[in-house]
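I have placed the structure first, in the form of structure tokens, so that the comments after it can refer back to it.
The values are calculated or read from the model by the stated rules, or taken from the named source; none is laboratory data. Model, not experiment: these values are computed from the prediction. Cβ atoms come from the backbone with ideal geometry, glycine included; neighbour counts cover every protein chain shown. We work out accessible area using only protein heavy atoms, side chains counted, and drop any ligands, DNA or RNA first. Shrake-Rupley method; radii C 1.70, N 1.55, O 1.52, S 1.80 Å.
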Amino acid sequence: MVILAVDDKQINNKVIELDIEEYMGNKNFNEYHFMEVGTGGEAISLAKQHNPTIIFLDIMMPNISGLDVLKTLREDEILIQPKIVMVTALNDDQMRKKAKELGADDYIAKPFDNEEIFAVLDKFINLENAPEDDEFLDFDDEDEFFDFDDEDDDSIGIQKHMMDDFNQSHKKISAIEFLKDYEVLDYMIEELDEIEEDVYEHIDTLYSDNLQDSIESIIFTISKYSHFLNTFLEFQELSTSLNLLSRMLERSDFTDTDERKRTLIAEFIKSMLNDLVKWKNHVFVDKDAQDVFYLNASLLNSCIQLEDILKDI
């Protein structure tokens, strides 16, 4: 069984991969291959080459859009037709209608959670009757697909490229200028204010010995900031990175992790939480930030390094 994810932001593909991995693990099923690409052209080529069972397909991509990919695949009479799920931030009725007319089987709006991915997999795949891999696959050519387990091309490298692209594409802008384009709802800031006491408690008291006991609260806090950041188009990369980090933390058990590594993880978490609180206050409360992206590099770099550590837990 092949499952293909298509998104020009490869970190989004990584989130889907982790959700699929969790789902398959819960089902005790490992006879599948996850593949991902970042362009519509690659998606069409891989679909014809490997006949995926299901495709998670982003709509907004450069050159060849997800809708164009969908149309091309549905018009191919030779291709064994996969289930195609559109995954996009464009959660509007017109886009849903267009995707359905072109042959989409389902539609998921970003940001999504793992339960939505689980529901799609429950709906479209039957693990009891899934074919064996060797019935139709040959992965001897390592260049045919991107493997997130490859040490030279893993998710850490993806996020480093993402961080470079983000920093190059965002100009310096003050908080006052930035907020002119947004109507930030008071309740959203209040939600972050309500957890700020817990954030400072983590910053003051989190150490290696209480990391496991604190992790649920930490995940909740990071998820809150991820949800808030996703409100702003300019911060969706950072939101996705925090979302991925929270999922990796949720899957980690630090009970048997050595003390040095637990201490390192705790320090990274405290640094990130401190940066998030400072960013929120300077941009949305005091509104004195001269560059709303001033902490972006620091936060993304912390996410990258922490995720690299969590891979081995």
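Could you check region 35-51 and list, in sequence order, the residues that are in contact with a Phe, Trp or Tyr (Cβ under 9 Å, 6 or more places away or on another chain) and free of Cβ contacts under 8 Å to residues at least 40 places away in the same chain? Step through it out loud before you land on a result.
Keep residues of region 35-51 that are in contact with a Phe, Trp or Tyr (Cβ under 9 Å, 6 or more places away or on another chain), which gives 35-38, 46, 50-51.
If the condition is that a residue be in contact with a Phe, Trp or Tyr (Cβ under 9 Å, 6 or more places away or on another chain) and free of Cβ contacts under 8 Å to residues at least 40 places away in the same chain, then G38 is the only one that fits.
Give me the residue from region 52-72 that is out of contact with any strand residue (DSSP E or B) (no Cβ under 7 Å at 6 or more places or on another chain) and either touching a residue at least 60 places away in the same chain (Cβ under 8 Å) or assigned to a helix (DSSP H, G or I) (or both) and, out of that set, most open to solvent (accessible area, probe 1.4 Å). It would help to see each step written out before you state the result.
Looking only at region 52-72, we keep the residues that are out of contact with any strand residue (DSSP E or B) (no Cβ under 7 Å at 6 or more places or on another chain), and these are 61-65, 67-68, 71-72.
Restricting the remaining residues to those that are either touching a residue at least 60 places away in the same chain (Cβ under 8 Å) or assigned to a helix (DSSP H, G or I) (or both) gives 67-68, 71-72.
Details: L67: 29, D68: 75, K71: 91, T72: 54 Å².
Restricting to residues being out of contact with any strand residue (DSSP E or B) (no Cβ under 7 Å at 6 or more places or on another chain) and either touching a residue at least 60 places away in the same chain (Cβ under 8 Å) or assigned to a helix (DSSP H, G or I) (or both), the top hit is K71.
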Quiz item: Of the numbered conditions (1) among the β-branched types (V, I, T); (2) in a helix (DSSP H, G or I); (3) out of contact with any Phe, Trp or Tyr (no Cβ under 9 Å at 6 or more places or on another chain), V283 satisfies every one except a single condition; which is it?
Solution: (3)
Self-check item: Lone unmet requirement of (1) surrounded by 15 or more Cβ atoms within 10 Å (Cβ to Cβ); (2) of a type outside the set (V, I, T); (3) at pLDDT below 90 for E142
Solution: (1)
Exercise. Look through region 1-32, keep the residues that are polar (S, T, N, Q) and under 16 Å from the mean Cα position of the chain (by Cα), and return whichever of them is most open to solvent (accessible area, probe 1.4 Å).
Key: Q10
Quiz prompt | Pairs with Cβ under 8 Å, 6+ apart, first in region 274-286 and open to solvent by 70 Å² or more (accessible area, probe 1.4 Å), second among the charged types (D, E, K, R) and outside any helix (DSSP H, G or I) | solution = none
Quiz item: Which ranges mark the helices (runs of 4 or more DSSP H) fully within region 171-275 that have 2 or more residues being among the polar types (S, T, N, Q) and within 21 Å of the chain's Cα centre (by Cα)?
Solution: 211-229, 236-250
